[in-house]
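Take a look at the structure set out below.
The values are calculated or read from the model by the stated rules, or taken from the named source; none is laboratory data. Since we're looking at a predicted model, the values are computed, not measured. Backbone-built Cβ (ideal geometry, glycine too); neighbour counts: all protein chains shown. Calculation scope for accessible area: heavy atoms of the full protein, side chains included, ligands and nucleic acids excluded. Shrake-Rupley method; radii C 1.70, N 1.55, O 1.52, S 1.80 Å.
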Amino acid sequence: MAMQKMVVGTALAVVAVLMMTSVLALLQSNQTLTTTGTIRTVNVGVYTDAACTQTATSIDWGTINPGTSTLKTYYVKNQGSVPMTLNMTSNAWTPSNCPTYMSLTWDAENAPVAVGNHAQADINLTILPNITGIGAFSFNIVITGTG
């Protein structure tokens, strides 16, 4: 008898939930809104020419004598949709002690670049006169635009 009451009680609870769901479904409505927009982007392009048609992918410093500097000129274009400010960093120096004997600088740090415009960037690598134990070297230059 108790089992029968529990089955009947459970069945009534299920029926009540189904009825409430049906009533709620009858009281529900929706509307779809389409949207459009523009995503603000910062996009840096680095080129070897002032017309910004020749993409730069690497720098060959050639052979550099101790105590001298080598200057390379590039053009950094704002290919995004917001004005940006430039920053340069380096990483992955091989051998790892290169930064002890080498200095990398440029003249475009914090330079503002408007959308569609470019900035000339002179990148300078200086080899200190006391360099020892380094022949060939490599490293990455990372040019960042912040908008």
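Applying 1/(1 + (r/R0)^6) with r as the Cβ-Cβ distance of T94 and V115 and R0 = 35 angstrom yields a FRET efficiency of 0.45. Across the accessible surface of segment 95-141, with the other protein chains kept in place and a 1.4 Å probe, carbon and sulfur atoms take up 49 percent.
Find how much the distance from Q54 to T85 grows on full extension, using 0.36 nm per residue of separation minus their present alpha carbon separation; answer in nm with one decimal.
On the way: separation 31, 0.36 × 31 = 11.16 nm, distance 2.19 nm.
Computed gain between Q54 and T85 is 9.0 nm.
Relative protection proxy for 109-118, 79-88, from highest mean packing down: 79-88, 109-118 (other beta-carbon atoms within 10 angstrom).
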